[in-house]
Amino acid sequence: MHMTSFGAETRAYFPVSLQPVFVGDEGSQASDFHAVVRGDTGAVLGIHRGSYKLVPNRAIFEPFEEAIAQSGIALEGISVAEGIAYAGRTVVREYTFPAVTLEPRVGDVVEFKLKVLNSYDATNAFRALMGGRRRLCLNGMVGQEQQALVYARHTNGFSSQRAVAGILKAMERYLALDSEWKRWAGRAITAEAAVPVFEAMPGSNPRRLEVLTETWEAEVVAAGPTVWALYNALCRWATHAAVRPSSEENRAAIVLHREAVVRRTLASPAFARLAA
């Protein structure tokens with residue numbers, strides 16, 4: 001992720017346009033389809049039907065930042081990290097609010113974060129998810145919410161009013177995690193109890209299980225053998241686990257996928273049995 005500033009010009013504001021699509025040896029135009037083409041590189045970022053409305057990143061991230069400013073959330077020290085994946089098909093921005101915090105354990109502070117994404121290839125409409133950032137290790141703390149709190153399809157545009165309401169709802173749900181996270185921090189579990197949670201993760205495999213076991217052991221040193229340590233092991237894997245060197249430029253999208261895996265794991269019976 002590349003650090004940028006709130007309200008500043010950003011690498012994500014590259015030019016895009018809709019171009020006709022031609023098919024077959026004779027180059028016949030596919031009139032029902034258009035290609036999203038990146039103007040500075042010529043990369044094709046997506047193919048869409050005629051109902052698709054092209055909304056450049058600038059036209060949606062700038063109003064979202066205005067909505068953040070209008071929401072009344074404390075902006076002191078706000079930081080913005082940005083990742084551009086797959087030549088620009090997906091953009092992920094993380095807005096972290098150091099003035100809005102929870103402290104599940106003494107000295108273990110988690111800052112409120114909004115993770116915002118947009119894509120040109122139909123993998124994601126514009127949406128914002130609630131999460132956090134743990135100061136101890138800079139883990140991205142994955143919220144259990146499956147549904148985006150701010151959402152906008154490319155066919156019907158962005159609503160600032162809905163965005164402000166969604167941002168405030170996200171902060172409200174974040175602050176409501178205080179009692180649950182404190183309960184997790186006080187609930188002791190064994191290493192053996194953590195294994196079924198790792199095995200319940202979608203796409204589980206022996207190599208991932210090995211990495212998660214090592215991550216769990218590291219988190220136990222910091223937080224003790226608790227559900228909180230288990231949760232942090234999952235989040236640490238999502239944020240920090242290695243990716244292939246050839247995929248490093250797409251890390252933002254890879255982490256996004258991993259966080260979806262963690263969300264599904266937190267909803268699993270295996271985790272629920274320990275966290276209840």
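The values are calculated or read from the model by the stated rules, or taken from the named source; none is laboratory data. Predicted model, so just to flag it, every value in this text is computed and none were measured. Virtual Cβ from ideal backbone geometry, glycine too; neighbours counted across all protein chains shown.
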Say whether the condition of being over 26 Å from Ala238 (Cα atoms) and either charged (D, E, K, R) or modelled with pLDDT of 95 or more (or both) is met by at least one residue in the range 66-82. yes
Output for Cβ contacts, cut-off 8 Å, separation at least six or different chains, first residue without any contact (Cβ under 8 Å) to a residue 40 or more places away in the chain in the range 243-255, second in a helix (DSSP H, G or I) and among the charged types (D, E, K, R), reads Val243/Arg251
Given the conditions (1) farther than 18 Å from Tyr95 by Cα; (2) modelled with pLDDT of 90 or more; (3) surrounded by fewer than 19 Cβ atoms within 10 Å (Cβ to Cβ), every one holds for Asn156 apart from (2)
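Residue-wise test of (1) surrounded by 21 or more Cβ atoms within 10 Å (Cβ to Cβ); (2) part of a helix (DSSP H, G or I); (3) assigned by TED's automatic domain parsing to the domain that holds Tyr86.
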{"residue": "Arg173", "(1), (2), (3)": "no, yes, yes"}
{"residue": "Val197", "(1), (2), (3)": "yes, yes, no"}
{"residue": "Thr213", "(1), (2), (3)": "no, yes, no"}
{"residue": "Glu217", "(1), (2), (3)": "no, yes, no"}
{"residue": "Ala222", "(1), (2), (3)": "no, yes, no"}
{"residue": "Arg263", "(1), (2), (3)": "no, yes, no"}
Flag for Phe61 being at pLDDT below 90 and part of a helix (DSSP H, G or I): yes
Criterion (touching a Leu at 6+ places or on another chain (Cβ under 9 Å) and more than 30 Å from Leu230 (Cα to Cα)) met by exactly one of Gly88, Gly132, Gly143, Gly83: Gly88
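Residue by residue, here is whether (1) over 19 Å from Gly83 (Cα atoms); (2) modelled with pLDDT under 90; (3) out of contact with any Pro (no Cβ under 9 Å at 6 or more places or on another chain) holds:
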| residue | (1), (2), (3) |
| --- | --- |
| Asn118 | no, yes, yes |
| Ala125 | no, yes, yes |
| Leu129 | no, yes, yes |
| Gly132 | no, no, yes |
| Cys137 | yes, yes, yes |
| Gly140 | no, yes, yes |
Search the range 48-64 for residues being basic (Lys, Arg) and surrounded by fewer than 14 Cβ atoms within 10 Å (Cβ to Cβ), and hand back the single one that is nearest to Ala125 (Cα to Cα). Lys53
I'm told Ser31 meets every condition in (1) surrounded by fewer than 19 Cβ atoms within 10 Å (Cβ to Cβ); (2) assigned by TED's automatic domain parsing to the domain that holds Asn139; (3) hydroxyl-bearing (Ser, Thr, Tyr) except one. Can you identify the failing condition by its number? (2)
Do any residues in the range 1-29 that are in contact (Cβ under 8 Å) with a residue 12 or more places away in the chain have Cβ atoms under 7 Å from those of residues that are loosely packed, with under 11 Cβ neighbours inside 10 Å and among the charged types (D, E, K, R), where the two are at least six apart or on different chains, and which pairs are they? Phe14/Asp40; Pro15/Asp40
Residues of the range 176-193 satisfying the condition of being under 24 Å from the mean Cα position of the chain (by Cα) and part of a helix (DSSP H, G or I): Asp178, Ser179, Glu180, Trp181, Lys182, Trp184, Ala185
Please work out which one of (1) within 17 Å of the chain's Cα centre (by Cα); (2) part of a loop (DSSP other than H, G, I, E, B); (3) touching a residue at least 12 places away in the same chain (Cβ under 8 Å) is the condition Met201 fails and give its number. (1)
In the range 88-95, is there at least one residue being part of a loop (DSSP other than H, G, I, E, B), closer than 30 Å to Met141 by Cα and not assigned by TED's automatic domain parsing to the domain that holds Ile254? yes
